[in-house]
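Asker: Structure incoming, see below.
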Amino acid sequence: MAKRQSPKSIVLCFVMLAVCATAAFAQVPSPNSVLGFTPGDDRKVADWQQIVDYFHKLDAASSRVKVEEIGRSTNGNPMIVAFISDAGNIKKLDKYRQINARLADPRSIGSEEELSKLVKEGKTIVAISCSIHSTEIVASQMSMNLAYELATAKDPATKEILDNTILLLIPSPNPDGIQIVADWYKKTLGTKSEGTSPPELYHHYAGHDDNRDWFMMNLVETRAVTKLFWQEWFPEIVYDVHQQGQNSSRFIIPPFYDPINPRIAPTLLREVGLVGYKMAADLEARGIKGVATNSTYDTWWHGGFRSAPYYHNSIGILSEAASVQLMTPVTVKLEDLKRSRGVRGLADLTTPMTNYPDPWLGGEWHASDINRIEMIASRGLLSLAAKYRERYLRNFYDLGKANLSPNAKDPPAFYISSEQDQPEAASRLIEILRWQGIEVRKPGSDTPAILKLRGLNPISIDLPKTGWIVFVDQPQRNNILSLFERQEYPHRLLANGEAEVPYDVAGWTLPLQMGVKYGPLWPSVSRDRLSSGSKERERVEVVDLEKLRRDSKLVEHFNDVRDDLGLAKAKTPFANIKNPLKSSPRIGLYSGFTGSMDEGWTRFVLDTFSIPSSRITNKQMRAGRFDCGGSPCDSIILPSDSENTVVKGLPASRYPEEYAGGIGDDGVQNLKKFVEDGGRIVCFDRGCDLPIEKFGLPVRDALAGLKRSEFYNPGSIVKIELSNGTAIPDELPAYFASSSAYDVPLDAEHISVIARYAESDSLMSGWMLGEKYLNGKAAVVKVKYGKGSIVLFGFRPQHRGQSWATFPLIFNALEK
């Protein structure tokens, strides 16, 4: 018989266990013990290598944390995610990943009993991503504090979070930018440049637009996170942590402002609001002032980190904290807050409102304040995710299941033809769709027997040889519809009759932007069911939709698509493309120190199409040295930057001499001489202002000076009509975002109009007020100047690397 232990020995055992547990937690390194400071301290910043090092040390010491590399950034830095949960959950990560993958696709679950079992066993998957915009750097620092707290805390609230959720914590999806910003901050600490933005893009190509890529998949960082989220883990909640301007509310969280995108499920909008109100209540309870809801940011636009989840049946949360100067504290005056008017949803920043009940009235503002707010908000979200775990999992499943049911108002499928003017565009479109989890199918051999055309303007379609089908009844139904259909942004005017400015763009129809031939497939209906004015009168009809589905097969490999398009095999998806230029022009791309996103996207397009280019700096402009790879440049591209930005550049009062100033008057004169001597300038949108004004070109922007009550287009797809005899189609969709439209003298022999905006009905997707001011105006103009020429694009033909339809116009303009 075993000897019974005395009460004294039992107490001693518990004491020893407690000591061991305390010792174990003591071995988990705090951020301070690794960095030498606490993240959020004034004038202290951890760079990317330090952040990665800390997370690996935390992984090694804590059974609650597992760090994995999810890819490499554009500049080769490791991209990491930290899985944080109970130690038992961490050991079974793959089990929970598989459960969530099945909940994401209701077609994989055969019965209510099976569903109930998965919901009971599964964990709420929450993703928190920090500082995608690298000058909004505090969240990347906060991520270490949050990870440490969750790895060491023993309170019941933390235990509930760890038991019921698996956190995917991304310190930043833009490692390159964190390193760039941190290096610059450390270098300039204690100088006049302390707290300024670095004199370069904080993403190699996109800068701030790295958060405008979430349906396009242009950037390797976007693809790495998309693979983690929508191919592997399918998080129920995604939280994207940002900062806003200094003279703002202290924190903006959901619910968001109007308008809503009608393709977002109402349930998701309610859940987004619920999370936001929980955050707001927790912040108010902790004495945080200046928290706003229902302000500034809307849910119309598809393409951001927090908006993409809506189209994957997930909750997307955005927060925006008022900024400091990187990690340097600021003092905000009450009078500055009073002057900050015109914020959507707020009368001003000092007046209490239902959505802003406790204004902050100025004072000192520190990175530690931002850190504290973001920590409270993150814990509030995690506590909801834990407490209502089964509800979140069930809702996630139900949203996906609802998308499998047909809706008579929507086409049941879309076709993509491979009889394309740009086969590479069709190939890339299908890569984009498949990467984010959309199924694309190839029709069977007897498809012609079950298709017929109806309409006044029938189109030629031969699906077996030249096309693919995207059926709408997939879990991502709303994603498919939002990408393929044409947007009709609500007509929203202010009291003074001016257009209300949306958060981002109004239209984005992806195959349209890319110039891909596509269209909806409709079920066959009798003629009497079609109204005389119905858009459905011109349609491709499917006699037997289910036969079309049965006879089709899933596209399994990107090279299968390339084969059907007659393209060479590629080593990987999203591979660079063969140079399309027939000649070998020497191309210079102007790049100052202001961090031009348009320059970055231009460089991205040139690199994607393997077109060599050379950087032309302010110094070269001022010296008149237009050198491209050791030889004189043939062409110089001016991206869409204002004349003032190009000529004056960064202020000498805040930046060192090597970065201050722009091209100056000398640069302008040298650029003029470059053209007179036979060179060519190719300029985009606002970049055309400089040659028009400084060179005295007889071309004027017909839209300049119009009020927003007269004309407004915040970002839409418009139709342009070409007047030259190239192989490019006569009509193209072009992207117009507060761009230009030119008046050109009729009798000027040295000026030729390459393209005009359509004479009527120029809007193809989005929103435009005062279309009459645009219709028929010149969109692309070539001006002979001396021995050379200037090509003026009134719009951005490389907009965010998305507008493939107009890329050929760039290539034509660069040919010798």
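Asker: For residues in segment 706-738 being of a type in the set (Gly, Ala, Ser), open to solvent by 20 Å² or more (accessible area, probe 1.4 Å) and modelled with pLDDT of 95 or more, which is nearest to Ala813 (Cα to Cα)? Give the derivation first.
Answerer: In the first step, residues of segment 706-738 are kept if they are of a type in the set (Gly, Ala, Ser); the result is 709, 715-716, 723, 725, 727, 734, 737-738.
Okay, now just the ones that are also open to solvent by 20 Å² or more (accessible area, probe 1.4 Å), so 709, 723, 725, 727, 738.
Then drop every residue that is not modelled with pLDDT of 95 or more, which leaves 709, 738.
On the way: Ser709: 35, Ser738: 22 Å.
By that ranking, first place goes to Ser738.
Asker: Sticking with this one: Would you mention how many residues in segment 118-152 are open to solvent by less than 20 Å² (accessible area, probe 1.4 Å) and closer than 18 Å to Gly380 by Cα?
Answerer: Of the residues in segment 118-152, 15 are open to solvent by less than 20 Å² (accessible area, probe 1.4 Å) and closer than 18 Å to Gly380 by Cα.
Asker: Taking the stated definitions as given, is Ile70 touching a residue at least 40 places away in the same chain (Cβ under 8 Å), open to solvent by less than 10 Å² (accessible area, probe 1.4 Å), under 24 Å from Ile161 (Cβ atoms) and among the aliphatic types (A, V, I, L, M)?
Answerer: On the way: touching a residue at least 40 places away in the same chain (Cβ under 8 Å): yes; open to solvent by less than 10 Å² (accessible area, probe 1.4 Å): no; under 24 Å from Ile161 (Cβ atoms): yes; among the aliphatic types (A, V, I, L, M): yes.
Criteria not met by Ile70.
Asker: Given the options Asn371, Asn313, name the one that is under 26 Å from the mean Cα position of the chain (by Cα) and closer than 23 Å to Ser197 by Cα. Reasoning before the result, please.
Answerer: Details: Asn313 fails: closer than 23 Å to Ser197 by Cα.
Among Asn371, Asn313, only Asn371 is under 26 Å from the mean Cα position of the chain (by Cα) and closer than 23 Å to Ser197 by Cα.
Asker: Pull out all pairs, ordered by first then second residue, where Cβ-Cβ is under 6 Å, the residues are six or more apart or on different chains, the first lies in segment 164-186 and is hydroxyl-bearing (Ser, Thr, Tyr), and the second is in a helix (DSSP H, G or I) and surrounded by fewer than 24 Cβ atoms within 10 Å (Cβ to Cβ).
Answerer: Close Cβ pairs satisfying both conditions: Thr165/Ala386.
Asker: While we're looking at this one, here's another question. Would you please list the contacts, defined by Cβ atoms under 7 Å and residues six or more apart or on different chains, that run from a residue in segment 592-607 that is within 17 Å of Tyr735 (Cβ to Cβ) to a residue that is open to solvent by 40 Å² or more (accessible area, probe 1.4 Å)?
Answerer: Going by the 7 Å Cβ cut-off, the qualifying pairs are Met597/His208; Asp598/Arg796.
Asker: Those residues that are in contact (Cβ under 8 Å) with a residue 60 or more places away in the chain and of a type in the set (S, T, N, Q), I need them from segment 768-816; list them, please.
Answerer: Ser789, Gln798, Gln802, Ser803, Thr806, Asn812
Asker: What pairs come out if I take residues in segment 94-120 that are of a type in the set (Phe, Trp, Tyr) and pair them with residues that are crowded, with 19+ Cβ neighbours inside 10 Å whose C-beta lies under 7 Å away, six or more apart or interchain?
Answerer: Once the first residue is of a type in the set (Phe, Trp, Tyr) and sits in segment 94-120, its partners that are crowded, with 19+ Cβ neighbours inside 10 Å give Tyr96/Asn89; Tyr96/Gly122; Tyr96/Lys123; Tyr96/Ile166.
Asker: Considering only segment 283-306, I want to know if a residue exists there that is without any contact (Cβ under 8 Å) to a residue 40 or more places away in the chain and either part of a helix (DSSP H, G or I) or within 29 Å of Met217 (Cα to Cα) (or both). Don't jump to the end; show me each part of the working.
Answerer: Keep residues of segment 283-306 that are without any contact (Cβ under 8 Å) to a residue 40 or more places away in the chain, which gives 285, 287.
In the following step, the residues that additionally are either part of a helix (DSSP H, G or I) or within 29 Å of Met217 (Cα to Cα) (or both) were identified as 285.
Yes: one or more hits.
Asker: Of the conditions (1) within 23 Å of the chain's Cα centre (by Cα); (2) hydroxyl-bearing (Ser, Thr, Tyr); (3) open to solvent by 10 Å² or more (accessible area, probe 1.4 Å), Ser172 clears all except one; give me its number.
Answerer: The single condition Ser172 does not satisfy is (3).
Asker: Let me ask another. Quick one: is Phe684 open to solvent by less than 40 Å² (accessible area, probe 1.4 Å), farther than 30 Å from Val220 by Cα, touching a helix residue (DSSP H, G or I) at 6+ places or on another chain (Cβ under 7 Å) and not basic (Lys, Arg)? Show your work before the answer.
Answerer: On the way: open to solvent by less than 40 Å² (accessible area, probe 1.4 Å): yes; farther than 30 Å from Val220 by Cα: no; touching a helix residue (DSSP H, G or I) at 6+ places or on another chain (Cβ under 7 Å): yes; not basic (Lys, Arg): yes.
Taking the combined requirement at face value, the residue does not satisfy it.
Asker: I would also like to ask the following. In segment 585-616, what residues are among the hydroxyl-bearing types (Ser, Thr, Tyr), touching a strand residue (DSSP E or B) at 6+ places or on another chain (Cβ under 8 Å) and part of a loop (DSSP other than H, G, I, E, B)? Give the derivation first.
Answerer: Quick first cut of segment 585-616, residues among the hydroxyl-bearing types (Ser, Thr, Tyr) only: 590-591, 594, 596, 602, 608, 610, 613-614.
Checking which are touching a strand residue (DSSP E or B) at 6+ places or on another chain (Cβ under 8 Å) leaves us with 590-591, 594, 602, 613-614.
The answer is Ser591, Thr594, Ser613.
Asker: For segment 344-387, how many residues are of a type in the set (Asp, Glu) and in contact (Cβ under 8 Å) with a residue 60 or more places away in the chain?
Answerer: Our first condition is that a residue be of a type in the set (Asp, Glu); within segment 344-387, this holds for 348, 358, 364, 369, 374.
The next check asks that each one be in contact (Cβ under 8 Å) with a residue 60 or more places away in the chain; those that pass are 358, 369, 374.
Total satisfying the criteria: 3.
Asker: State whether the residues of segment 46-58 include one that is under 25 Å from Ala385 (Cα atoms) and either open to solvent by less than 60 Å² (accessible area, probe 1.4 Å) or among the acidic types (Asp, Glu) (or both). Don't jump to the end; show me each part of the working.
Answerer: If we filter segment 46-58 for residues that are under 25 Å from Ala385 (Cα atoms), which is where we start, we get 55, 58.
Next, from what is left, pick out any that are either open to solvent by less than 60 Å² (accessible area, probe 1.4 Å) or among the acidic types (Asp, Glu) (or both): 55, 58.
Yes, that holds for at least one residue.
Asker: Anything in segment 643-669 that is open to solvent by less than 40 Å² (accessible area, probe 1.4 Å), outside any strand (DSSP E or B) and either in contact with a Gly (Cβ under 6 Å, 6 or more places away or on another chain) or small (Gly, Ala, Ser) (or both)? List them, or say none.
Answerer: Val646, Val647, Gly649, Gly662, Gly664, Gly667
Asker: Which one of Lys333, Lys338, Lys278 is among the basic types (Lys, Arg), over 20 Å from the mean Cα position of the chain (by Cα) and closer than 18 Å to Ile373 by Cα? If you could, list the steps in order and put the result at the bottom.
Answerer: Details: Lys333 fails: closer than 18 Å to Ile373 by Cα; Lys338 fails: closer than 18 Å to Ile373 by Cα.
Checking each option against the conditions leaves just Lys278.
Asker: If you scan segment 501-518, which residues turn out to be surrounded by 17 or more Cβ atoms within 10 Å (Cβ to Cβ), part of a loop (DSSP other than H, G, I, E, B), within 22 Å of the chain's Cα centre (by Cα) and of a type outside the set (S, T, N, Q)? Quick ask: steps written out before the conclusion?
Answerer: So the first thing to find is which residues in segment 501-518 are surrounded by 17 or more Cβ atoms within 10 Å (Cβ to Cβ), and the list is 502-518.
Now drop any that are not part of a loop (DSSP other than H, G, I, E, B), which leaves 502-509, 514-517.
Of the ones still in play, those that are also within 22 Å of the chain's Cα centre (by Cα) are 502-509, 514-516.
Matches in segment 501-518: Pro502, Tyr503, Asp504, Val505, Ala506, Gly507, Trp508, Met514, Gly515, Val516.
Asker: Could you list, in sequence order, all residues of segment 211-226 that are open to solvent by less than 10 Å² (accessible area, probe 1.4 Å) and hydrophobic (A, V, I, L, M, F, W, C)?
Answerer: The answer is Phe215, Met216, Met217, Leu219, Val225.
Asker: Please verify whether Leu567 is over 25 Å from the mean Cα position of the chain (by Cα) and surrounded by 13 or more Cβ atoms within 10 Å (Cβ to Cβ), treating the condition exactly as stated.
Answerer: Numbers: over 25 Å from the mean Cα position of the chain (by Cα): yes; surrounded by 13 or more Cβ atoms within 10 Å (Cβ to Cβ): yes.
Here the answer is yes, as Leu567 does meet what is asked.
Asker: Give segment 237-267 a look and list any residue that's more than 19 Å from the chain's Cα centre (by Cα), more than 28 Å from Thr350 (Cβ to Cβ) and either part of a loop (DSSP other than H, G, I, E, B) or of a type in the set (A, V, I, L, M, F, W, C) (or both), or say none.
Answerer: Listed by number, the residues that qualify are Pro262, Ala265.
Asker: Filter segment 534-554 down to residues that are open to solvent by 70 Å² or more (accessible area, probe 1.4 Å) and at pLDDT below 60 and give me whichever is farthest from the chain's Cα centre (by Cα). Reasoning before the result, please.
Answerer: Narrowing segment 534-554 to residues open to solvent by 70 Å² or more (accessible area, probe 1.4 Å): 535, 537-538, 543, 546, 550, 553.
Filter once more, so that each one left must be at pLDDT below 60: 535, 537-538.
Numbers: Lys535: 31, Arg537: 36, Glu538: 34 Å.
Per the criteria, the residue is Arg537.
Asker: Test of understanding: among Lys159, Lys192, Lys227, which residue is among the charged types (D, E, K, R), modelled with pLDDT of 95 or more and more than 28 Å from Asp59 (Cβ to Cβ)?
Answerer: Numbers: Lys159 fails: more than 28 Å from Asp59 (Cβ to Cβ); Lys227 fails: more than 28 Å from Asp59 (Cβ to Cβ).
Answer to the check: Lys192.
Asker: Identify, from the list Ser383, Ser378, Ser340, the residue that is of a type in the set (Gly, Ala, Ser) and out of contact with any helix residue (DSSP H, G or I) (no Cβ under 7 Å at 6 or more places or on another chain). Let's see the steps before the verdict.
Answerer: Details: Ser383 fails: out of contact with any helix residue (DSSP H, G or I) (no Cβ under 7 Å at 6 or more places or on another chain); Ser378 fails: out of contact with any helix residue (DSSP H, G or I) (no Cβ under 7 Å at 6 or more places or on another chain).
Checking each option against the conditions leaves just Ser340.
Asker: Among the listed residues Lys582, Lys673, which satisfies the condition of being farther than 20 Å from His203 by Cα, of a type in the set (D, E, K, R) and assigned to a helix (DSSP H, G or I)? Give the derivation first.
Answerer: Details: Lys582 fails: assigned to a helix (DSSP H, G or I).
Sole residue among the options that is farther than 20 Å from His203 by Cα, of a type in the set (D, E, K, R) and assigned to a helix (DSSP H, G or I): Lys673.
Asker: Another question, then. Of all residues in segment 322-372, which are surrounded by 15 or more Cβ atoms within 10 Å (Cβ to Cβ) and on the phi > 0 side of the Ramachandran plot?
Answerer: Selection gives Leu326, Gly345, Gly362.
Asker: Suppose we keep only residues that are assigned to a loop (DSSP other than H, G, I, E, B) and not hydroxyl-bearing (Ser, Thr, Tyr) within segment 41-73. Which one would you say is nearest to Glu149 (Cα to Cα)? Reasoning before the result, please.
Answerer: Our first condition is that a residue be assigned to a loop (DSSP other than H, G, I, E, B); within segment 41-73, this holds for 41-47, 62-64, 73.
Filter again for not hydroxyl-bearing (Ser, Thr, Tyr), leaving 41-47, 64.
Numbers: Asp41: 17, Asp42: 20, Arg43: 23, Lys44: 20, Val45: 19, Ala46: 18, Asp47: 20, Arg64: 11 Å.
Here the answer is Arg64.
Asker: Would a scan of segment 212-226 turn up a residue that is part of a loop (DSSP other than H, G, I, E, B) and of a type in the set (Ser, Thr, Tyr)? Break it down into steps so the answer makes sense when it comes.
Answerer: Here is the first cut: in segment 212-226, the ones part of a loop (DSSP other than H, G, I, E, B) are 212-219.
Applying the additional criterion that residues be of a type in the set (Ser, Thr, Tyr) yields none.
Checking segment 212-226: not a single residue is part of a loop (DSSP other than H, G, I, E, B) and of a type in the set (Ser, Thr, Tyr).
The values are calculated or read from the model by the stated rules, or taken from the named source; none is laboratory data. No experiment lies behind these values; they were computed from the predicted model shown. Note: ideal-geometry Cβ built from the backbone for every residue, glycine included; neighbour counts use all protein chains shown. Accessible surface areas use protein heavy atoms only, side chains included; no ligands, DNA or RNA. Shrake-Rupley method; radii C 1.70, N 1.55, O 1.52, S 1.80 Å.
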